[in-house]
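In what follows, a single structure is set out as structure tokens and then discussed.
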Ligand SMILES: Nc1ncnc2c1ncn2[C@@H]1O[C@H](COP(=O)(O)OP(=O)(O)OP(=O)(O)O)[C@@H](O)[C@H]1O
Ligand SMILES: Nc1ncnc2c1ncn2[C@@H]1O[C@H](COP(=O)(O)OP(=O)(O)OP(=O)(O)O)[C@@H](O)[C@H]1O
Ligand SMILES: [Mg+2]
Ligand SMILES: [Mg+2]
């Protein structure tokens, strides 16, 4: 019985090697830096990773589907700009704190709509998602600049940034939001018909079609989810700053994809999990935070992050290796 | 044969289906009665799968009617067809690796609650019930990627039992089943028949057709050639309907006297895949390897071709011990391997026929730094004529050819290397009788020209027909080697089930 | 007093140009020279979100003061507020934060970028005698320094010499090659360019390269943040003028301001250091920039 | 008969969709901007596209082999900073030699990780993007580098000189494009790259050493980056640490516009050249028409999707995808 459990644990770890890595760096930073092992710091890490984390949740669905979304960084900027700008429109000046509501709806709505647009293009034209969203990554950033006229926006109402800094009990609200979202998406992916179909469509699209799953609309839904999540991340990020800048979210797509892949989701689709993605997000967050606390010079941070990314891939390969008998192709 | 009601379970009338540039079905009629097994035959590319896809709502016909139990119906999509009681078991495995058996069986129609949550208990209970009926010794929660190919095929078949079907179509279900599973499958089919279900059974294996079916229909080049009662016809007549001529079944009498030993293997092992394998192949001799799927034959071939590193044992070529470091090395030592899966291992589907054929020797076909166009075309033309490859031109992408012609390209590619030892792995999987005969003849001819040939096959008639000697394998070990004339069906079946001659009663 | 101060700094984007790198080196050197100071040096890599995270990490480490070179003047305000609420004084360096955040900072130390833009406008007036057509190559869109310089330049130009028209503005992203490409297109499009204003000398020299390659003469090039390449071009007489801004002064001023505040001294709220105009005429008074 | 000929022309058009789009673009811009169709301007765009174009040639080889290379942008920064920095220290020829060796070492690393270890190329080169950026900064200490006396060195000619009235970068770009096109379409190596990209397993079964081919593709990509760095460093006479930032995506956009499939196994160098030129002409044309720079991004968005869509629509013979 004990060995059975051990085996299950071992299997779990080989399927989620990233958690081994998370534990490793957690222990490393705890031992090597006095400020790291601290409840407040853990909360910081959660808040800091929540932006990338929220997007990564949505990206996991899209990538399990066998697609990818490179436009999320630009969507973050657009949603943040809408969120901060609209709440200060004169039309809503009499609404008190409720002026945030139309802004929130607009931000999330636009993010979801852009996701739908990406999805519909992928569906109808059959152009690869990488290309469609590579275009959108440029185009949506263009939209941001058209909308903002290159300006940053600032929320006059400090309630907005207070929300970003607020806590639920002892835990920061954004951390709570991120954790709730993680649980919800995990349930969506592992328990619902849509979630299971996500694996089916990514694992074997033809089989999914043959089984009568409407692959096109299904993919659109997932693109809408990632768009929504990116917009939500834009909102939470802008609430941390009480402001929005048109350059927000540059390179986020790369970090998000990195986190998702670290978490074990295959770029070819069909495999992956939210538990893994959560681990991937934490790994990046802990590394960044730990290196900040240890004052690793900025130039070396880049080299270390890049090397670790590759090292984790190598580790993953080693864990799934078949041994001497393997076919040499 | 059971008695049937008057209205057939299914009637197809005048079905026409065109693809850009291809008239795949040209006014096909088919009638399947309730409670009969109706075999559908035809050459590769005759349109069998296409007809069934039209029936299952995956393609919309350009013309024609589908009549189900007397009512004309339209199949808008696969779900629709399934809802109306038509189930298609696909030719190619159509499963999602990452999902469980249950999720695959109920793919596209997972039982769920109001909120879209999967109803796991119902799902697992129903699936387990079906699996029990199929005698499967794995359960609904198993991940499909953990199953062998044969078991995956059983999952595919389990899908037929999820609904109360009126018509079930099996498109080449036995291509990768072991004999034990075939028996279960045939029992399932007989059970369905007894319950009054109309069954369409597609296969290229005549023995199955004649032991299983009640009636059979033949397609040729997309048109309907007629229907026969199985008991009232024979292989020869059916073959003539399919390919327009009879096959000459001359048993391999023209064996030449085997020459020197070309390849010798002593105590070869590769981890758990196969152990202590020894055999020899002489020039002018065809050695057949027979066994169940998973017996380790492919792995031996791959090891000889340098794709796997042996953990023990030696390989001798022309009496000289060699270490084969990789395919390139193997090729330079005169070994050729026609691999098991032509799509994954044999061909670059997007490349032209010629480029595929010359790929292994492209480095030698140069004038100066450039590939010599003339030399390449010469090679292609030579093997096109020799193997009767049907392709509009050498520029045609290989992916557009029919399965049999694709297989011939792969064989041509390796013959063009003028090997000393030729290994062919499942050379006729999914290939129609006509092309199969051609390939068998070819293998014999090659041997008579002095090649040493190894044929790996899971079809007993093929092995018996084409080989001089047969080596039977079971679970990674050589059980017995049969010389010319020694081999009988019975002893072969015993051997591949792991019963050694000395221990056999 | 032999008190040990732990001062954290989060810089905008070290390595994106020499100014920021030299600043960082000067800051570290100054902090090391002062035995009372222990510096925690971080780089936001141009990303606001990362900068905010770094401020939080600095608060977490309970540093005595935080110096911030804002990636964006508005977006960092709440984080600055958070620091103030944690009782840590914040000094803004190089480019200021939005006015809404002034309540939460102890002091600003750095150049006046609006003033710099205005000074460049005055140089342009001078070079063109108040009459002519010019093009502008601005910094990376969306960044405060770029926006302020552009704004200062355009406002002052309209006011000081309405006879000079800005025909077009395109961003050069602080990148010499990009600026060179933009200028090449301008040269095709306009054959009446009298002057070029670039958001820094790096871009200005890119524009100069383009004009030289096209064989166009008589264009006045004016930049900002004098780089050594700009200084050399001035020496050769190809470049009209720029604004002299020393990253070493910038860094030392920021550190000194922080120390003064921790020592309880009175510091002016807007602590601008001098950024004089530099032209071919007065360049002898300035040492050549090291970057 | 006439209809057959029409059909032939139709299918030719369908296959050359990207060329037609290109021609339409040129005509469109020429109609609206006087200075656009100016021969000097056209030459200038080609010259400006040379840097991206040279890199895109190498990346096309990598993409045909079925992989991606996102590290070219930071590699360009690295190479340019290095060659410019060393120019004054050890002289132009040794500087170029050292830089090329360094870049090839980076190519080796990519090739080893993707080709030999068979790691996912997207993630590997993403990691390399970050790591090489860091290496560049460590190398230069974050400082800009400049060539002190640019008039005095022949190095400046690479990016600024001309021969027979055509700028040297265009000569380099053109020669390299033709050379690589010939290599890819007529040599055994080229054939192997297509085979490996089309079906890696089948190529191994055909005796192709897949690891060598992928390795070589990354070496070619790195070498192209080195050549681009020569043009860039010479043209600017100096370098910043982030000159190459974002180039990877522009390069990829050019390759995709040229119709090379990201799945590998198809594509040609000459079409990549056209893809890159289209991007260059869009940037230039919109600039001349006086649009804000971000409009260019919006246009690129639409153009990329439309171009690829039409390309695959022509191949499958219908506009909309068959996905249900
Ligand atoms: N989606 C499609 N597009 C174009 N042509 C097709 C398509 N599907 C099938 N065909 C063509 O239709 C013809 C019939 O193919 P089909 O798959 O029905 O043959 P089959 O009888 O099942 O052969 P096999 O025994 O090899 O399975 C072939 O010529 C094939 O190339
Ligand atoms: N229908 C099929 N489609 C694809 N691959 C198959 C199929 N059937 C078998 N295989 C391959 O064969 C392997 C299992 O057989 P294995 O090669 O281990 O032994 P074998 O004795 O060569 O059996 P056989 O040659 O009958 O498949 C699987 O790993 C699978 O890759
Ligand atoms: Mg078929
Ligand atoms: Mg096999």
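The numbers here are math on the coordinates, done by the rules we state, and not lab data. Because the structure is predicted, anything quoted here is derived from the model rather than measured. All Cβ positions, glycine included, derive from the backbone under ideal geometry; neighbour counts span all protein chains shown.
Brief remarks on what is shown
- Placing a label point 7 Å from the Cα of residue D:118 along the Cα-to-Cβ direction, the residues of the stretch B:300-316 whose backbone N falls under 14 Å of that point are B:307-309.
- Restricting the calculation to Cα atoms, the stretch B:347-418 shows an Rg/Rh of 0.94 when the hydrodynamic-style radius is the Kirkwood one.
- Note on the stretch D:38-310: Cα Rg divided by 2.2 N^0.38 Å, N the number of residues, gives 0.98.
- Distance between the modelled labels on residue B:309 and residue A:171, one decimal in nanometres: 4.9 nm (7 Å Cα→Cβ projection).
- Spacing of the two label points (7 Å from each Cα toward its C-beta) at residue C:280 and residue A:184, in nm: 6.6 nm
- Number of partner chain Cβ atoms within 10 Å, mean per residue of D:283-294: 5
- Nearest-0.05 FRET efficiency for residue D:88 and residue D:30, computed from C-beta distance (R0 51 Å): 0.75
- Cα gyration tensor category, rounded, prolate or oblate, for the stretch D:49-169 with a/c compared to 1.5: oblate
- Net length gained if the chain between residue D:291 and residue D:266 were fully extended (0.36 nm per residue, minus Cα distance): 5.5 nm
- Per-residue extension of 0.36 nm, minus the Cα-Cα distance of residue A:317 and residue A:25, leaves a gain of 103.2 nm for this segment.
- For the stretch D:138-179, a/c is not less than 1.5, where a ≥ b ≥ c are the root eigenvalues of the C-alpha gyration tensor, and a/b does not top b/c. That puts it in the oblate class.
- Per residue of D:39-48, other chain Cβ atoms within 10 Å of the residue Cβ number 3 on average.
- Shape call, the stretch B:155-248: gyration tensor on alpha carbons, a/c limit 1.5: prolate
- Distance from the C-alpha centroid of the stretch C:30-84 to that of the stretch A:68-87: 26 Å, rounded to the whole angstrom.
- D by Stokes-Einstein for the protein assembly as shown, Kirkwood Rh over Cα pairs, 4 °C, 1.567 mPa s: 37 µm²/s.
- Principal axis box of the stretch B:276-361, alpha-carbon based, largest edge first, Å: 40, 31, 29
- Highest average packing first - D:225-235, C:105-115, B:127-137, Cβ atoms within 10 Å: D:225-235, C:105-115, B:127-137
- Label zone at residue B:109 (point 7 Å along Cα-to-Cβ), backbone N below 17 Å, the stretch B:174-202: B:197-198
- Pairs of C-alpha atoms in the stretch B:10-243 farther apart than 33 Å represent 17 percent of all such pairs.
- Pairwise alpha-carbon distances in the stretch A:39-296 exceed 35 Å for 14% of all pairs.
- Förster radius 51 Å - calculated FRET efficiency between residue C:273 and residue D:302 (Cβ-Cβ, nearest 0.05): 0.60
- Normalised radius of gyration (Cα atoms, divided by 2.2 N^0.38 Å) for the stretch D:159-277: 1.19.
- P(r) of the stretch C:120-223 over all Cα-Cα pairs, binned every 10 Å from zero, in whole percent: 17, 53, 28, 1
- Centre-to-centre separation between the Cα atoms of the stretch B:112-183 and those of the stretch C:195-258: 74 Å.
- Chain C: mean projected area of Cα convex hull, nm²: 14.7 nm²
- Over the stretch C:1-153, Cα pairs under 8 Å with separation of 6+ residues give a relative contact order of 19 percent.
- Cβ-Cβ distance of residue C:151 and residue D:171, R₀ of 56 Å, FRET efficiency by 1/(1 + (r/R0)^6): the value works out to about 0.80.
- Shielding by partners - mean other protein chain Cβ count within 10 Å, residues of C:20-32: 2
- Cα centroid separation - the stretch D:213-231 against the stretch B:20-40, whole Å: 56 Å
- Note on residue A:116 and residue B:93: their simple-model spin labels are 4.0 nm apart, each label 7 Å out from Cα toward Cβ.
- Between A:71, A:50, A:190, the GNM of chain A built on Cα springs shorter than 10 angstrom shows A:190 fluctuating the most.
- Percent RCO, i.e. relative contact order, over the stretch D:55-144, from Cα pairs under 8 Å lying at least 6 residues apart: 38 percent
- Over chain B, the pair-distance histogram of Cα-Cα distances with 10 Å bins from zero comes to 4, 17, 26, 26, 18, 8, 1, 0 percent, rounded to whole numbers.
- Relative contact order of the stretch A:39-296, taken over Cα pairs closer than 8 Å and 6 or more residues apart, is 40 percent.
- Over the C-alpha atoms of the stretch D:13-92, the Rg to Rh ratio, Rh being the Kirkwood estimate, stands at 1.13.
- Residue exposure sequence - D:22, C:227, D:155 - by fewest surrounding Cβ within 10 Å: D:22, D:155, C:227
- Between C:198, C:214, C:146, the residue with the greatest mean-square fluctuation in the GNM of chain C (Cα pairs under 10 Å linked by springs) is C:214.
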